[in-house]
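Participant: Have a look at this one before I ask anything.
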Amino acid sequence: MQAKPVYPVLNRAIFSYRKNWASRYGSAEFLPMTMSEVEALGWGECDVVLVSGDAYVDHPSFGTAMIGRLLEAQGFRVAILAQPRWHDAEDFRRFGRPRLYFGITAGNMDSMVNHYTADRKPRSQDAYSPDGRAQLRPDRATLVYAQRCREAYPEVPIVLGGVEASLRRFAHYDYWSDKVRRSLLLDAKADLLLYGNAERALVELTHGLAKGAPIHSFFSLRGVASLRPVSVSNEAKQAVDPEPVTLPSFEEVQRDKRAFAVATRLQYLESNWRNARPLVQRHGDRELLVTPPPQPLSSQEFDAVYELPYAMRPHPSYAPERIPAYETTRFSVVISRGCFGGCSFCALALHEGRSIQSRSSASVLSEIDRMVARAPGFSGVVSDLGGPTANSFGMYCGSDKAGTACRRLSCLFPNICKHLRTDHGALIALYRAARSRPGVRKVLIGSGIRHDVALRSPEYIDELVQHHVGGYLKLAPEHTESAVLDAMMKPEIGLFERFCERFDASSQRAGKRQYVIPYLIAAHPGCRDEDMLQTALWLKRRGLFVDQVQTFLPAPGALATAMYYTGLDPRSSELPPIEVPRGARQRRLQKAFLRYHDANNWPLLREALLRWGRAELIGAAKRQLVPRWQPKGTGSPKAR
């Protein structure tokens, strides 16, 4: 077996000690949210003001806290403007003029996904707000916040970051307005956009600005999107290496769906940090230049990010209100970052990358020890050791040569790459060490696992089932039909069934009654109504009643979103057509099949079955899907 690759030494260590700043100010229990807190720290001014659509929770599961603590460790004075009032610029003057820049993020989620369901209906709660209150951030929060920052201090640079900015860095399809929008960088009128894992670029940028360099001199850093007039863009393109790839322009992708599919395909082909080339996309008289993705952090660097002096709780100003997202994650530990799955409906790989970044076991165990010692309300149960995929910890490409040349869209689809090292040994050892720490009664795994990868390690399945499942394990086969799974870039349903068999056998050996709960998606591109019927029959045969199902939501940046908008499949250079379920009624029908057991859905399902000539599926027999009778008070027009 080849040794795990060692990443090149950074030109500037992320966590270098800067005496001219850090020794003077130290670290605060919480980063300040008010001017009185700034003054109490003895600061005459702030270097950076971070504007966020989330409430401020000083915990590494919240991006704003992570970035704020990272900059604080570099000696910068950072204030947090969390969920500001955005109807005018007054709240954006709270800390005075920041010395270096405003850093803006919509929060841990895209603000439109946060606000609206897949049916474009407003959500009633926001998990990242006090007591779950909705509407404490605007639609398109990054854009609105940038406008208010510019109004407050027109001369202060604006840097965009976070998932909303990251996945809207190119011209993109916006499901909520049903049109192609320009790069967020243009609409926000910001100076730079940092995408993906931006720690290196952020540190380099902030120290450079502190030395007096102009902000537009940092356009060549990895993971940066910038703009310049077409008349001077050649100079910028010559300054990056290798030579950029030109995408179809905004005007082209706006009027031509085929051009949009081509642009999406190129973005994904140039997403491997080892070989990606810069990308250029013209918007009118300006050109957007996006440099290659950031290099992954080494394990030591990743540890250092999570070992910063977080308070591990919400800012005291929120008491007694609760932040639902914090309640979910407060006793969890992140062990990895990145996703090699490449599911077409998810753009995480375009944001965090396909390379898995893993913390050291020592760092994870140290965080658990701190949780036991200091976390208020800790009952001895660690709710999760996870990340985007819980069982990707310690996995990596075992061939530098293959990894450098690779342009696969997924390490797992259509099959698990022969170069991917899928040994679960380090993860099993971590689980065993974690649950044996003093003060720990149980360690649960709440993040999703890849069942196709887990099948390679029967020992891992036994370890998971016998010690780390709280009665139910949630898995995401997403569908049952081959054509739909292919469009989703998910494994065949047979692998899920094999995993369930092993799960059940292991549970029986352990003397436990435990169940696998499948997550499923309706109305995904490539899915016909007949496919949803077959999935419903699959559920019925197994006696499964699933409530946690979703209708496909075309979020920015995803391959499946390009399929939805264009009706073409960008995974192939031929761009073949793909069937797309459209219209509210068809999307409701497809979701209704997943919840065939809900009486409110029966009239809609009966109507469809009769229309298709499938009346034999209506009745009370086991082989039939829905009964002929209707309970009183169900099946209302609203439910249908």
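The values are calculated or read from the model by the stated rules, or taken from the named source; none is laboratory data. None of the values given here were measured: they were computed from a predicted structure. When we count neighbours, we look across all protein chains shown, and the Cβ atoms used for this are built from the backbone with ideal geometry, even at glycine. Calculation scope for accessible area: heavy atoms of the full protein, side chains included, ligands and nucleic acids excluded. Shrake-Rupley method; radii C 1.70, N 1.55, O 1.52, S 1.80 Å.
Participant: Have a look at F345, F340 and point out the one that is of a type in the set (F, W, Y), in a loop (DSSP other than H, G, I, E, B), more than 20 Å from I445 (Cβ to Cβ) and in contact (Cβ under 8 Å) with a residue 60 or more places away in the chain.
Facilitator: When all the criteria are applied, what remains is F345.
Participant: Kindly state which helices (runs of 4 or more DSSP H) lie completely within segment 357-441 and contain at least 2 residues that are closer than 25 Å to E327 by Cα.
Facilitator: Filter on segment 357-441 gives 361-374, 425-435.
Participant: Among the residues of segment 511-525, write down those that are open to solvent by 30 Å² or more (accessible area, probe 1.4 Å) and either part of a loop (DSSP other than H, G, I, E, B) or among the hydrophobic types (A, V, I, L, M, F, W, C) (or both).
Facilitator: In the first step, residues of segment 511-525 are kept if they are open to solvent by 30 Å² or more (accessible area, probe 1.4 Å); the result is 511-513, 515, 517, 519.
Answer for segment 511-525, where residues must be open to solvent by 30 Å² or more (accessible area, probe 1.4 Å) and either part of a loop (DSSP other than H, G, I, E, B) or among the hydrophobic types (A, V, I, L, M, F, W, C) (or both): G511, K512, R513, I517.
Participant: Note down all Cβ pairs under 6 Å where the first residue falls in segment 408-426 and is under 12 Å from G394 (Cβ atoms) and open to solvent by 30 Å² or more (accessible area, probe 1.4 Å), the second is not small (G, A, S) and not in a loop (DSSP other than H, G, I, E, B), and they're at least six residues apart or on different chains.
Facilitator: Listed pairs, sorted by first residue: R421/Y396.
One line per residue, one yes/no per condition, for (1) buried (at least 20 other Cβ atoms within 10 Å of the Cβ); (2) at positive phi; (3) of a type outside the set (K, R):
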residue: A454; (1), (2), (3): yes, no, yes
residue: I461; (1), (2), (3): yes, no, yes
residue: L464; (1), (2), (3): yes, no, yes
residue: Y472; (1), (2), (3): no, no, yes
residue: P477; (1), (2), (3): yes, no, yes
residue: S482; (1), (2), (3): no, no, yes
residue: I493; (1), (2), (3): no, no, yes
residue: F499; (1), (2), (3): yes, no, yes
residue: R509; (1), (2), (3): no, no, no
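Participant: For residues in segment 258-273 being in a helix (DSSP H, G or I) and hydrophobic (A, V, I, L, M, F, W, C), which is nearest to R354 (Cα to Cα)?
Facilitator: Residues of segment 258-273 that are in a helix (DSSP H, G or I), as a first pass: 258-269.
Next, only the ones that are hydrophobic (A, V, I, L, M, F, W, C) stay: 259-263, 266, 269.
Values: A259: 25, F260: 23, A261: 21, V262: 21, A263: 20, L266: 16, L269: 12 Å.
The extreme case among them is L269.
Participant: Do we find that K540 is out of contact with any helix residue (DSSP H, G or I) (no Cβ under 8 Å at 6 or more places or on another chain), assigned to a helix (DSSP H, G or I), among the basic types (K, R) and crowded, with 17+ Cβ neighbours inside 10 Å in this structure?
Facilitator: It is true that K540 is out of contact with any helix residue (DSSP H, G or I) (no Cβ under 8 Å at 6 or more places or on another chain), assigned to a helix (DSSP H, G or I), among the basic types (K, R) and crowded, with 17+ Cβ neighbours inside 10 Å.
Participant: Moving on to the next point. Within segment 40-89, can you find the residues that are buried (at least 19 other Cβ atoms within 10 Å of the Cβ), closer than 24 Å to S129 by Cβ and aromatic (F, W, Y)?
Facilitator: Y56, F62
Participant: Out of S366, S332, report the one residue that is modelled with pLDDT of 95 or more and over 28 Å from S166 (Cβ atoms).
Facilitator: Answer to the check: S366.
Participant: Mind checking whether some residue in segment 280-293 is open to solvent by 30 Å² or more (accessible area, probe 1.4 Å) and touching a Lys or Arg at 6+ places or on another chain (Cβ under 6 Å)?
Facilitator: Looking for residues that are open to solvent by 30 Å² or more (accessible area, probe 1.4 Å) and touching a Lys or Arg at 6+ places or on another chain (Cβ under 6 Å), one finds none in segment 280-293, hence no.
Participant: Looking only at residues that are touching a residue at least 60 places away in the same chain (Cβ under 8 Å) and either under 11 Å from W176 (Cβ atoms) or among the small types (G, A, S) (or both) in segment 120-133, which one is most open to solvent (accessible area, probe 1.4 Å)?
Facilitator: Among those residues, the one meeting the criterion is A127.
Participant: Are any of the residues in segment 299-310 within 22 Å of the chain's Cα centre (by Cα) and among the small types (G, A, S)?
Facilitator: yes
Participant: Can you find, within segment 441-451, the residue that is farthest from A373 (Cα to Cα) among those that are in contact with an Asp or Glu (Cβ under 9 Å, 6 or more places away or on another chain) and open to solvent by less than 40 Å² (accessible area, probe 1.4 Å)? Walk me through how you get there before you give the answer.
Facilitator: So the first thing to find is which residues in segment 441-451 are in contact with an Asp or Glu (Cβ under 9 Å, 6 or more places away or on another chain), and the list is 443-447.
Checking which are open to solvent by less than 40 Å² (accessible area, probe 1.4 Å) leaves us with 443, 445, 447.
Details: V443: 16, I445: 21, S447: 24 Å.
Taking the candidates together, the pick is S447.
Participant: I'd like to know if segment 258-279 contains one or more residues that are more than 22 Å from L185 (Cα to Cα), more than 25 Å from the chain's Cα centre (by Cα) and either basic (K, R) or modelled with pLDDT under 95 (or both).
Facilitator: Yes, because at least one residue in segment 258-279 is more than 22 Å from L185 (Cα to Cα), more than 25 Å from the chain's Cα centre (by Cα) and either basic (K, R) or modelled with pLDDT under 95 (or both).
Participant: Let me ask something else. Only one residue in D531, D504 is of a type outside the set (K, R), open to solvent by 20 Å² or more (accessible area, probe 1.4 Å) and in a helix (DSSP H, G or I). Which one?
Facilitator: D504
Participant: Only one of these is modelled with pLDDT of 95 or more, of a type outside the set (S, T, N, Q), surrounded by 14 or more Cβ atoms within 10 Å (Cβ to Cβ) and under 29 Å from the mean Cα position of the chain (by Cα): P576, P554. Name it.
Facilitator: Exactly one residue qualifies, and that residue is P554.
Participant: Suppose we filter segment 133-154 for residues that are basic (K, R), outside any helix (DSSP H, G or I) and either over 15 Å from N114 (Cα atoms) or in contact with a Ser or Thr (Cβ under 8 Å, 6 or more places away or on another chain) (or both); how many remain?
Facilitator: Result for segment 133-154: 2.
Participant: Residue pairs, Cβ under 6 Å, 6 or more apart or interchain, first in segment 615-637 and free of Cβ contacts under 8 Å to residues at least 60 places away in the same chain and assigned to a loop (DSSP other than H, G, I, E, B), second surrounded by fewer than 10 Cβ atoms within 10 Å (Cβ to Cβ) and aliphatic (A, V, I, L, M). List them.
Facilitator: P627/A620
Participant: State whether one or more residues within segment 111-118 are in contact with a strand residue (DSSP E or B) (Cβ under 9 Å, 6 or more places away or on another chain), within 26 Å of A522 (Cα to Cα), among the hydrophobic types (A, V, I, L, M, F, W, C) and touching a residue at least 12 places away in the same chain (Cβ under 8 Å).
Facilitator: Checked segment 111-118: at least one residue is in contact with a strand residue (DSSP E or B) (Cβ under 9 Å, 6 or more places away or on another chain), within 26 Å of A522 (Cα to Cα), among the hydrophobic types (A, V, I, L, M, F, W, C) and touching a residue at least 12 places away in the same chain (Cβ under 8 Å).
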